[in-house]
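Chemist: Here it is: the structure, laid out below.
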Amino acid sequence: MLLNLQALRGIAALLVLMHHSLAHFKAMGLSNPVFEFVATNGNIGVDIFFVISGYVMAKTTSNSKHGPRTSFHFLGKRFARIYLGYWPIFFLALVTYYIHSPDFLADKQVFQSFLLMIFGNYSELVITPAWSLTYELYFYLVVGLILSSNLLKPVPTFLAISFFIILKSIFTNLGDNYLADFFFSPYVFEFILGYMVFYYWHYISAKKWVLVSLIVGAVCLSIAVQLDASYPYLRFTAFGVFSVCLVWLMILLEAHDLFTFRGLIKKIGDSSYTLYLSHTVLLGLFYSFGIRDYLVLKGFALTGFISCLVVIIFVSWVFYKFIEAPIYHSVKMRLRQRFA
């Protein structure tokens, strides 16, 4: 895995953490315009995840022989990666909410949450950020389908999907049909664009493209943050193109030895999946245990808030190191032996 992309995963997870911690930040009487601006737009971390995922799928399957066996091996690894990292946190969240916040589970679809089979009303998920995993699974199925036969090629398949996404955006509004919103979502474009960054890398890998990716990304980000919910598709597009430019830039910087992330941010990137899934549960405990109000009462609001974020990052890393990573590694080895 490229170091800069792994670090970018960590940055994306931190952005989502900041986004969901903003309500606690304000409830503690804190104020900082820079933090609030970044946190307000921190949901862009999900867009970055989607683009990275598309790129990684292209990279890991580029030399694969097409056929049912390759497809099943690919899907086995990717579904194991999703579910084996998700289920331990899901059960931990379920027990935690049952003990400390049983009312929270009243309107949740527990079984569908377990299978990640909720499309549309994502507030019914036990772990709300897991909504993005349904898109991950969808994209894995598309790539798995392409790998299943030599008759299916990535570019024509993605062009067909893109055509239907464009038609859907022209003739329907978001919210008219939740299944159409899911299967022909602009989010799918972000996977496709990430895939295409790898697919056409030989055309866009020159050092001169560093400045282009910076400028285009900056313009798209400035447009995106100015738009509100009344421009859903345009806002999606602007955030998506920014995310593509950011991923492109990170790969260029490493490829030309201009800058490479290492150290702490790389470690956060390694545990980014656990951090992404666990942070809302841990933030909920921060409130339900009374820690948040206690810190405000004792005059340690800012110190306490920062400490809370640090603890969440550390707990996520420990969970990744000793639970998520060993489980996935064991299953991946068994899959490799089975499909060898």
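The values are calculated or read from the model by the stated rules, or taken from the named source; none is laboratory data. Just so it is clear, the model here is predicted, and its values are computed rather than measured. Methodologically, a virtual Cβ is constructed for each residue, glycine included, from the backbone with ideal geometry; neighbour enumeration extends over all protein chains shown. Heads up: the accessible areas ignore ligands, DNA and RNA and are worked out on the full protein's heavy atoms, side chains in. Shrake-Rupley method; radii C 1.70, N 1.55, O 1.52, S 1.80 Å.
Chemist: Mean-square fluctuation check for the chain, GNM, Cα pairs under 10 Å: which of Asp181, Asp103, Asp47 is largest?
Modeler: Answer for the Gaussian network model of the chain: Asp103.
Chemist: Follow-up. Need one value: the accessible area of Val225 in square angstrom, 1.4 angstrom probe, rounded to the nearest 10.
Modeler: Result for Val225: roughly 40 Å² accessible.
Chemist: Exposed loop trypsin sites (Lys or Arg not before Pro) only (DSSP loop, at most 13 other Cβ atoms within 10 Å): please give the longest stretch of the chain free of them, not including the sites.
Modeler: After excluding every exposed loop site, the longest remaining stretch is 66-206.
Chemist: Heavy-atom accessible area per residue, the stretch 1-58, 1.4 Å probe: how many Å²?
Modeler: 33
Chemist: Taking H placed 1.01 Å from N in the peptide plane, check which residues at least 5 places from Ser148 or on another chain put their amide H under 5 Å from its amide H.
Modeler: Here Gly67 satisfy the definition.
Chemist: Please list, in order, the residues from the stretch 282-309 whose amide nitrogen is less than 19 Å from a point placed 7 Å along the Cα→Cβ vector of Val318.
Modeler: 282-292, 304-309
Chemist: What shape does the stretch 1-108 take by its C-alpha gyration tensor, where a ≥ b ≥ c are the square roots of the eigenvalues and a/c under 1.5 counts as rounded, a/b above b/c as prolate, and the rest as oblate?
Modeler: oblate
Chemist: Report the FRET efficiency, 1/(1 + (r/R0)^6), for Ala160 and Trp87, where r is their Cβ-Cβ distance and R0 is 56 Å, rounded to 0.05.
Modeler: With a Förster radius of 56 Å, E is 0.95.
Chemist: Something else: Taking only Cα atoms and a 10 Å spring cutoff, compute GNM fluctuations for the chain and point out the largest among Ser185, Ser101, Ser213.
Modeler: So, out of Ser185, Ser101, Ser213, the one fluctuating most is Ser101.
Chemist: Multiply the residue separation of Tyr200 and Phe104 by 0.36 nm, subtract the distance between their alpha-carbon atoms, and state the gained length in nm to one decimal.
Modeler: 29.9 nm
Chemist: First select every other residue whose beta carbon is under 14 angstrom from the beta carbon of Trp131; then total the charges, Lys and Arg +1, Asp and Glu -1.
Modeler: Net charge in that neighbourhood comes out at -3.
Chemist: Say we join alpha carbon atoms closer than 10 Å with springs in a Gaussian network model of the chain; which of Phe319, Phe182, Phe300 then has the biggest fluctuation?
Modeler: Taking springs between Cα atoms under 10 Å, the residue moving most is Phe300.
Chemist: Also: Efficiency by 1/(1 + (r/R0)^6): what FRET value for Gln337 and Phe183, r their Cβ-Cβ distance, R0 = 51 Å, to the nearest 0.05?
Modeler: 0.90
Chemist: Using a cut-off of 15 Å between beta-carbons, work out the net charge of the residues near Ala238 (Lys and Arg +1, Asp and Glu -1, Ala238 not included).
Modeler: -2
Chemist: Quick one: 3J(HN,Hα) in Hz for the stretch 60-67, Karplus 6.51/-1.76/1.60 with θ = phi - 60°, rounded, Gly and Pro as x.
Modeler: 7, 10, 4, 9, 7, 6, 6, x
Chemist: Okay, next question. Percent of accessible area on the chain owned by carbon and sulfur, 1.4 Å probe?
Modeler: 67
Chemist: A follow-up question, please. Could you provide, to the nearest whole Å², the per residue accessible area of the stretch 145-224 with probe 1.4 Å?
Modeler: 58
Chemist: Can you compute the label reach from Ser288? Point 7 Å from Cα along the Cβ direction, backbone N cut-off under 13 Å, restricted to the stretch 83-120.
Modeler: Counting only backbone N, you get 91-108.
Chemist: Follow-up question, since we're still on this one. Once every Cα of the stretch 212-340 carries one equal point scatterer and solvent is ignored, give the base-10 log of I(q)/I(0) from the Debye formula at q = 0.13, 0.22 Å⁻¹, two decimals.
Modeler: -0.92, -1.09
Chemist: Something else: Need the list of lysines near Lys207 for cross-linking: C-alpha distance under 28 angstrom, and skip anything on the same chain fewer than eight residues off.
Modeler: Of all the lysines, those that pass the test against Lys207 - Cα under 28 Å, at least 8 places apart if same chain - are Lys59, Lys266, Lys267.
Chemist: Further, regarding this structure: Counting only helical runs of four or more DSSP H residues, what would the 222 nm mean residue ellipticity of the chain come to if each run contributes -39,500 (n - 2.57) and the total is spread over all its residues?
Modeler: After summing the helix terms and dividing by residue count, I get -24500 deg cm²/dmol.
Chemist: Next question, about the same structure. Give me the net charge of His73's neighbourhood, meaning all other residues with Cβ under 9 Å from the Cβ of His73; Lys, Arg count +1, Asp, Glu -1.
Modeler: Local charge sum for His73: +4.
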